Amino acid sequence: MLDIWEGYFGRAINWHFAQHYDRLELTIFPALNNAQTGYGFIEVGGYRENGTYQPFSLNFDIIAHEVGHLIIFGEIGVPDPEAQSANTGDFTNLPPIWWRSFPPFTSIR
């Protein structure tokens with residue numbers, strides 16, 4: 001996934017945590033019904049469907065989504081925690097630079 005984005009950017013993308021960690025760590029917590037990104041790590045869990053455990057660690061879309069957060073953090077910085085909504089956890093009050101920092105990748109096929 002990172003290789004694909006580096007192709008779009010035409011250069012290497014550096015992790016925002018690179019000065020402290022030399023690699024990204026993937027941590028699997030089977031009881032976690034979520035996936036999240038932090039400073040140098042991605043934590044993933046999974047869910048049960050029809051009695052079968054479905055791990056998020058094997059879902060490319062979920063891993064790609066979390067790596068996307070890390071790419072944004074590396075390219076334009078980590079958002080100010082004050083911009084995070086107390087109700088939803090979303091970053092709804094981000095400055096306009098966050099929404100104008102990238103070309104319109106939605107047109108890429």
- request: Determine the pairs where a residue that is under 18 Å from Asp22 (Cβ atoms), located within the range 68-79, has a partner that is assigned to a helix (DSSP H, G or I) with Cβ atoms under 7 Å apart, the partner being 6 or more residues away or on another chain.
  value: Ile71/Trp5
- request: Would you check if there is a residue in the range 53-61 being among the hydrophobic types (A, V, I, L, M, F, W, C), in contact with a strand residue (DSSP E or B) (Cβ under 9 Å, 6 or more places away or on another chain), in contact (Cβ under 8 Å) with a residue 60 or more places away in the chain and under 21 Å from Asp3 (Cα atoms)?
  value: no
Residue satisfying condition, being surrounded by 13 or more Cβ atoms within 10 Å (Cβ to Cβ) and under 13 Å from the mean Cα position of the chain (by Cα), within set Gly38, Gly77, Gly46: Gly38
Residue ranges of helices (runs of 4 or more DSSP H) in the chain with at least 2 members modelled with pLDDT of 90 or more: 2-9, 60-76
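The values are calculated or read from the model by the stated rules, or taken from the named source; none is laboratory data. Remember, predicted model here, so these are calculated numbers, not experimental data. No Cβ is skipped: glycine too gets one built from the backbone with ideal geometry, and neighbour counts run over all protein chains shown.
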